[in-house]
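The values are calculated or read from the model by the stated rules, or taken from the named source; none is laboratory data. From a predicted model like this one, the values you see are computed outputs, not experimental measurements. Here Cβ is always computed from backbone atoms with ideal geometry, including for glycine, and neighbour counts include all displayed protein chains.
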Amino acid sequence: MLSMDLEKLSSDINAKVSSANAKVVKPEEDGAGDSSILIEASSIKEVAQALLDSGVNVLQVISGVDYPDYLEVNYMFAKFDLANPGQFTLKLRVPDKANPSVESITSLYPAANWQERECYDMIGVTFNNHPDHRRILCPDDWEGFPLRKDYKVQDYYRGMVVNPDEKMNWADREFAKRQEEISKAQQEKSQD
Amino acid sequence: MQTWENSGEKFNPTQTAETEKLKSELLTLNMGPQHPATHGVLRVEIKTDSEVVAHAIPHIGYLHRCMEKHSENLDYRGIIPFVDRMDYLAAMNQEHTYVMAVESMLGTEVPRRAEYIRVLILELQRIASHLMAFGTYALDLGAFSPFLYAFDEREKILRLFEELSGARLLYNYIWIGGVWNDITSAQLYRVKEFCDHFEEELKKYDTLVSQNKIFRERTRHVGIMDEQMCYAYGATGPVLRGAGVKWDLRKVAPYSLYGELDFDVPVGDGDRDAMIGDCYSRYIVRMKEMTESVKIIRQILDGIESGPVIGKVPKVIKLPKGEVYMRTECPRGELGIHLVSDGGKTPYRLKVKSPCFTHTSMLPEIAPGQLIADFVASIGSIDIVLGEVDR
């Protein structure tokens with residue numbers, strides 16, 4: 001759907017920004033889905049400028065993903081041009097999970113303002129030189145980043161219990177636990 | 001005479017000489033989270049200079065349920081009801097986007113009849129959603145009766161959906177591989193009757209609201225979002241089309257059956273003294289889109305084929321490794337689903353691009369210089385659903 005020639009696009013990016021080191025990431029042999037372009041995290045601002053100059057006029061969404069070894073930030077760019085529409089995903093990887101930081105592109109694409117705030121709120125990537133770097137969906141003094149895989153909900157928020165026992169749906173939890181036990185037993189049986 | 005109306009500039013009373021002399025401290029006013037004009041739990045921190053808004057800072061997150069985190073612990077079929085609950089006014093369109101993302105990874109083929117039913121349902125849902133937008137927008141601007149007319153018609157659509165899926169708002173009707181249940185010919189006949197009746201009804205709305213002098217004066221030249229601003233912020237749907245861009249994913253990149261159907265893409269053209277990109281343009285785009293939806297539904301009723309309504313799907317769905325970004329044209333704009341799979345039974349990551357989130361982020365840009373009453377008109381004209389903004 002609206003796919004673009006990624007090989008050409010990545011070589012264009014490399015020609016304009018030498019430090020980008022752009023390459024095309026394809027789905028694995030037994031995999032499926034879209035291809036995308038992977039660039040060096042430090043070159044995002046120059047690459048965004050180059051894309052903006054080449055007519056990629058819309059940044060749709062920034063989606064952060066937490067992988068075991070690195071955090072990945074996906075920028076979904078699109079060309080809103082009726083004669084020549086297009087869409088592609090630009091990826092960058094931040095290996096430092098304790099202090100991840102990426103340059104903000106809000107000055108180029110105003111859409112990045114809230115999207116970067118959401119990415120910070122959920123995954124914990126800090127965006128340097130962002131004009132209004134705050135959490136957006138969670139309260140400002142919330143701890144942790146909910147969409148990290150190792151996230152644990154804090155016990156107390158401003159002295160209030162976050163998940164009080166009387167408000168938990170215990171019947172639901174017990175049901176889920178029982179289902180898990182049943183499926184485990186079935187798996188063991190099938191292995192025997 | 002050169003006035004702000006024909007100069008093409010934004011009306012900004014804070015800049016005139018008299019107001020400069022009278023300038024005083026700004027007053028901070030919290031609009032919401034419980035406010036009838038914010039369409040849910042949106043809080044806008046407004047700094048006002050008398051009746052004029054100087055800054056507006058939206059605060060969102062009051063309806064944040066972290067659906068994206070929930071989805072990581074659910075199997076692919078179990079996510080559909082959660083996707084419904086994001087935009088509760090256009091649940092069918094939401095689940096369709098999600099289901100399309102899963103199907104594109106699985107490579108499932110959807111039977112023709114299922115595609116016909118899907119498009120029929122999607123367009124009915126679009127009408128229902130736009131009716132809600134129409135009714136509440138008139139309500140925001142002080143007219144009560146259009147709301148009742150709109151709900152009367154919406155009720156007919158919801159009754160049909162209730163018969164089809166068993167629910168009135170959150171359907172879980174579009175399933176991976178097709179739809180849950182077949183539609184009967186009696187129900188199709190009722191849809192046809194609804195179309196005949198609804199076209200007359202639309203003429204009534206046009207006389208009652210669209211041509212209404214008070215309504216037009218309240219909405220035209222207010223809250224202008226031009227083409228460049230829409231691109232910069234990534235606006236889509238009626239907001240982008242209100243700015244005069246003929247961009248509709250159903251035409252630009254047809255999915256499902258839309259490539260075979262004949263319909264127009266209405267854009268804001270500045271007739272009836274409106275300005276391209278103002279509140280009235282966005283409103284009129286929605287009204288014209290309802291006519292186009294009726295046109296699509298008629299073609300579906302003529303062309304619907306018999307056959308199965310659900311394709312072959314494995315009992316336990318496991319997606320291959322990879323990721324996909326799928327977007328479709330929902331009533332409020334383009335909804336995007338970024339689905340990452342690691343080969344397991346549950347998604348590794350599910351990110352939803354919400355059109356309302358994008359449109360809410362444009363409010364600080366258009367607010368400065370507006371009267372508070374006009375700001376209410378601006379919020380209403382982008383038709384936000386906070387369930388989708390916060391997810």
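Quick rundown of the values:
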item: Criterion (over 28 Å from B:ASP374 (Cβ atoms), in contact (Cβ under 8 Å) with a residue 24 or more places away in the chain and not in a helix (DSSP H, G or I)) met by exactly one of B:ASP75, B:ASP87; result: B:ASP75
item: Options B:LYS295, B:LYS288, B:LYS315; residue that is free of Cβ contacts under 8 Å to residues at least 12 places away in the same chain and of a type outside the set (A, V, I, L, M, F, W, C); result: B:LYS315
item: Qualifying position, being surrounded by fewer than 17 Cβ atoms within 10 Å (Cβ to Cβ), more than 10 Å from chain B (Cβ to nearest Cβ), among the acidic types (Asp, Glu) and assigned to a loop (DSSP other than H, G, I, E, B), among A:ASP81, A:ASP132, A:ASP96; result: A:ASP96
item: Among (1) at pLDDT below 90; (2) in contact with a strand residue (DSSP E or B) (Cβ under 7 Å, 6 or more places away or on another chain); (3) buried (at least 22 other Cβ atoms within 10 Å of the Cβ), the one test that B:GLY380 misses; result: (2)
item: Restricting the stretch B:122-150 to residues that are assigned to a helix (DSSP H, G or I) and exposed (fewer than 15 other Cβ atoms within 10 Å of the Cβ), the residue that is nearest to the chain's Cα centre (by Cα); result: B:LEU148
item: Tabulated pairs, the stretch B:249-267, first at positive phi, second assigned to a loop (DSSP other than H, G, I, E, B), C-beta under 9 angstrom, 6+ apart or interchain; result: B:SER256/B:VAL110
item: Residue check, A:GLU143 part of a loop (DSSP other than H, G, I, E, B) and either more than 14 Å from chain B (Cβ to nearest Cβ) or polar (S, T, N, Q) (or both); result: yes
item: The one condition in (1) more than 23 Å from B:GLU289 (Cα to Cα); (2) among the β-branched types (Val, Ile, Thr); (3) over 26 Å from the mean Cα position of the chain (by Cα) that B:ILE304 fails to fulfil; result: (1)
item: Any hit, the stretch B:299-315, residues being among the aliphatic types (A, V, I, L, M) and either within 11 Å of chain A (Cβ to nearest Cβ) or in a strand (DSSP E or B) (or both); result: yes
item: The stretch B:277-287, residues that are crowded, with 22+ Cβ neighbours inside 10 Å and either part of a loop (DSSP other than H, G, I, E, B) or not β-branched (Val, Ile, Thr) (or both); result: B:GLY277, B:ASP278, B:CYS279, B:TYR280, B:SER281, B:ARG282, B:TYR283, B:ARG286
item: Residue that is farthest from the other protein chains (Cβ to nearest Cβ) [pool: residues in the stretch B:348-391 that are in a loop (DSSP other than H, G, I, E, B) and of a type in the set (Gly, Ala, Ser)]; result: B:GLY369
item: Number of the exception - B:SER341 against (1) crowded, with 24+ Cβ neighbours inside 10 Å; (2) within 30 Å of A:THR106 (Cβ to Cβ); result: (2)
item: Hits in the stretch A:23-46 - residues which are within 30 Å of B:PRO254 (Cα to Cα) and either assigned to a strand (DSSP E or B) or away from chain B (no Cβ under 14 Å) (or both); result: A:LYS23, A:VAL24, A:VAL25, A:SER36, A:ILE37, A:LEU38
item: Residue in the stretch B:318-326 that is touching a residue at least 12 places away in the same chain (Cβ under 8 Å), of a type in the set (Phe, Trp, Tyr) and under 24 Å from B:MET105 (Cα atoms) present; result: yes
item: Residue ID - surrounded by the fewest Cβ atoms within 10 Å (Cβ to Cβ), chosen from residues in the stretch B:222-276 that are in contact with a His (Cβ under 7 Å, 6 or more places away or on another chain) and more than 9 Å from chain A (Cβ to nearest Cβ); result: B:MET275
item: Counted residues, the stretch B:323-347 - those being in contact with a Lys or Arg (Cβ under 9 Å, 6 or more places away or on another chain) and either within 11 Å of another protein chain (Cβ to nearest Cβ) or acidic (Asp, Glu) (or both); result: 16
item: Some residue of the stretch A:7-16 being in contact (Cβ under 8 Å) with a residue 24 or more places away in the chain, within 14 Å of chain B (Cβ to nearest Cβ), in contact with a Phe, Trp or Tyr (Cβ under 9 Å, 6 or more places away or on another chain) and surrounded by 16 or more Cβ atoms within 10 Å (Cβ to Cβ); result: no
item: Hits in the stretch B:20-78 (condition: within 25 Å of B:SER378 (Cβ to Cβ), among the polar types (S, T, N, Q) and crowded, with 19+ Cβ neighbours inside 10 Å); result: B:THR38
item: Failed criterion for A:PHE127 (all others in (1) surrounded by fewer than 22 Cβ atoms within 10 Å (Cβ to Cβ); (2) over 12 Å from the mean Cα position of the chain (by Cα); (3) away from chain B (no Cβ under 14 Å) hold); result: (1)
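Quick grid of which residues meet (1) more than 14 Å from chain A (Cβ to nearest Cβ); (2) in contact (Cβ under 8 Å) with a residue 40 or more places away in the chain; (3) more than 23 Å from A:LEU147 (Cβ to Cβ):
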| residue | (1), (2), (3) |
| --- | --- |
| B:HIS64 | no, yes, no |
| B:SER129 | yes, yes, yes |
| B:TYR137 | yes, yes, yes |
| B:LEU160 | yes, no, yes |
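A quick yes/no check of all residues on (1) within 30 Å of B:CYS230 (Cβ to Cβ); (2) out of contact with any Lys or Arg (no Cβ under 8 Å at 6 or more places or on another chain); (3) small (Gly, Ala, Ser):
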site: A:PRO95; (1), (2), (3): no, yes, no
site: A:VAL102; (1), (2), (3): yes, yes, no
site: A:ILE105; (1), (2), (3): yes, no, no
site: A:TRP114; (1), (2), (3): yes, yes, no
site: A:ASP132; (1), (2), (3): yes, no, no
site: A:CYS138; (1), (2), (3): yes, yes, no
site: A:MET168; (1), (2), (3): no, yes, no
site: A:SER183; (1), (2), (3): no, yes, yes
